[in-house]
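Step one of this worksheet: look at the structure below.
Bear in mind these aren't lab numbers, they're just calculated from the coordinates by the rules spelled out. Just so it is clear, the model here is predicted, and its values are computed rather than measured. A quick note on method: Cβ atoms are made from the backbone with ideal geometry, for glycine too, and the neighbour counts reach across all protein chains shown.
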């Protein structure tokens, strides 16, 4: 049976109070506990939390990492003012929103449909599931690279196939201002539809058969069964899949950098790509730190609200 | 959506609905495999056939892409070529047919080796630390347990670029820039959230009565962990290790920003394999194929644990 938990639950059942069983022989349970979790927490503090705090501190300065000798000045909220007042930033966020929303839309649509079909358990369904899953396990950067080859306007197989079906003439998926934002959606959908599919499949399999049997006895039509049983029961799973995809795509960097590197113009310049430019090409460290802080707070806040909402849906 | 025949319930789909479902799914699977198949094929093309239009499905296979991937070459004059002694190996001959000579092995070896060292090193550490932490979180009453676990998970929400700047500064100060050790530590930290959450799920499934019985028989807590719990966890540990390995293997952003040569892994290197007049597509395709191969094999091995891995243990089957 599938079980979906986002917060740590289920382990509360039988917890041994520390010390009660730590007998005279060997290390006490408290010592074992400290020995076992300290290294993990220390490493996470050093590599994740310390940089994050440092990042926030830097965001109030005019520091530039390529000029270590320069005097560092506190400039208060000036970086944040400049960021929020800049029209470019809203442009990058719009590009990001377009990418996140449309890629998730297609992945949910296709992923759910595939899961629904796979749940029919036809012969060989396990084999085909494994085949379908392959793209999502690959390196996003390498995926971005080889899709640029498939999208080559002169020789790419993508253009050839499109022209085989409809007479589209010469076009460039990567070089065209109108097409490029959809190009990154297409590749992301190709890569991550299996992710949504797998999670939906788990949702579909978690529905006990007797519910359908009862509905059948009551004379509910398949259409009605689909909307009153299948969809609501799969919804928590689907929402979980959307959460994962939204966080990942909001952070998206590697695949799109290799595919379009933000171009043409800045039509595919996602927030992370712009952040990398400001931080590692313009070396505006303080400014980019402020941008990074805003992005992180956005993801973290949105994810927290969403999880609360998800837990409510699950309870119903 | 629900076009099942009336004679059957959804519980038991009828033969027609099954057949339709299988056809649609197989068509999707085949279409989604076209890009991968095309890349594997391109690895066996010559640079000219790789950019031919219309694309050539049937072609004479050559290992030129693989030879170009693994060697550095220079172009020479016909006179120079004529003076050379006869080629010693098949790849010498292949390169000379293009008026070039091999000057040495390419940097791909080093990058692939770095991927292996950093991948396996960080996987070992992440699984080692993760197993200990997962056991502690599963078995002991830890103050603020839920908050700590959520904190561990939330480290995965940071955009890598957002922490890259301070990590870059930190590594520069500590002399860890472009070092294997620095990358291993970094990937370990990134993978720990996955490893702790996944492994905790696996420990939770082992009845604690086993260890308690062992401890009544005189084992210490550590002995019980080592001799009773660990063997039971082995399948879970293996699955977690493969997930960590695939992540470290595929990672790009940190590798791009924090390494330049010495410790650079394959993903930032593959896209910049240059031939004459632009990217050497067969060599890029060959590199991509060799790079993807282990992941494909591991995915097949992992298939039963996939769902658990990609959701950090939130969905189990």
Cβ-based exposure ranking for B:199, B:148, in which fewest neighbours within 10 Å come first: B:148, B:199
Using only Cα atoms, locate the centre of the range A:181-253 and the centre of the range B:68-142, then give the distance between them in Å, rounded to an integer. 41 Å
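Compute the relative contact order of the range B:109-270 as a whole-number percentage, counting only Cα pairs closer than 8 Å that sit 6 or more residues apart in sequence.
44 percent
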Relative to the present Cα-Cα distance, how much length would full extension add between residue B:89 and residue B:303 at 0.36 nm per residue of separation? 72.9 nm
Between residue B:72 and residue A:178, what is the label-to-label distance in nm when each label sits 7 Å out along the Cα-to-Cβ direction? 4.7 nm
First measure r as the distance between the Cβ atoms of residue A:34 and residue B:217, then evaluate 1/(1 + (r/R0)^6) with R0 = 30 Å and state the FRET efficiency to the nearest 0.05. 0.75
Spatial separation of Cα centroids for the range B:45-66 and the range B:270-306, in angstrom: 17 Å
Please list the equivalent ellipsoid semi-axes of chain A, computed as the square roots of five times the alpha-carbon gyration tensor eigenvalues, in descending order and whole angstrom. 38, 36, 18
In degrees between 0 and 90, to the nearest 10, how far off the longest principal axis of chain B does helix B:108-139 point, with axes built from Cα atoms? 0 degrees
Under the definition of Cα pairs under 8 Å and six or more residues apart, what whole-number percent is the relative contact order of chain B? 25 percent
Relative to the longest principal axis of the C-alpha atoms of chain B, give the angle of the C-alpha long axis of helix B:281-302, reported between 0 and 90° and rounded to the nearest 10°. 20 degrees
Classified through the alpha carbon gyration tensor (a ≥ b ≥ c as square roots of its eigenvalues; rounded if a/c is under 1.5, else prolate when a/b is larger than b/c, else oblate), the range B:22-140 comes out oblate
At 20 °C and 1.002 mPa s, the Stokes-Einstein diffusion coefficient in µm²/s for the protein assembly as shown, with hydrodynamic radius from the Kirkwood sum on alpha carbon pairs, is 80 µm²/s
From Cα pairs below 8 angstrom and at least 6 apart in sequence, can you work out the relative contact order of chain A, rounded to a whole percent? 28 percent
Mind giving me the nanometre distance, one decimal, between the label points for residue B:60 and residue A:235, set 7 Å out from Cα along Cα→Cβ? 6.3 nm
Please give the helix B:230-250 orientation as an angle from the longest Cα principal axis of chain B, in degrees from 0 to 90, rounded to the nearest 10. 40 degrees
Using the Kirkwood radius built from alpha carbon pairs, what does the Stokes-Einstein equation give as D for the range B:109-270 at 20 °C and 1.002 mPa s, in µm² per second? 126 µm²/s
Shape call for the range A:148-268 from the C-alpha gyration tensor, a ≥ b ≥ c root eigenvalues: rounded (a/c under 1.5), prolate (a/b greater than b/c) or oblate? prolate
Taking only the Cα atoms of the range B:207-246, how large is their convex hull per residue, in Å³? 59 Å³
Taking the Cα centroid of the range A:260-316 and of the range A:39-84, what is the distance between the two, rounded to the nearest whole Å? 16 Å
How far apart, in nm, are two points set 7 Å out from the Cα along the Cα-to-Cβ line at residue A:171 and at residue A:300? 4.3 nm
Based only on the alpha carbon positions, what is the Kirkwood hydrodynamic radius of chain B, in angstrom? 23.6 Å
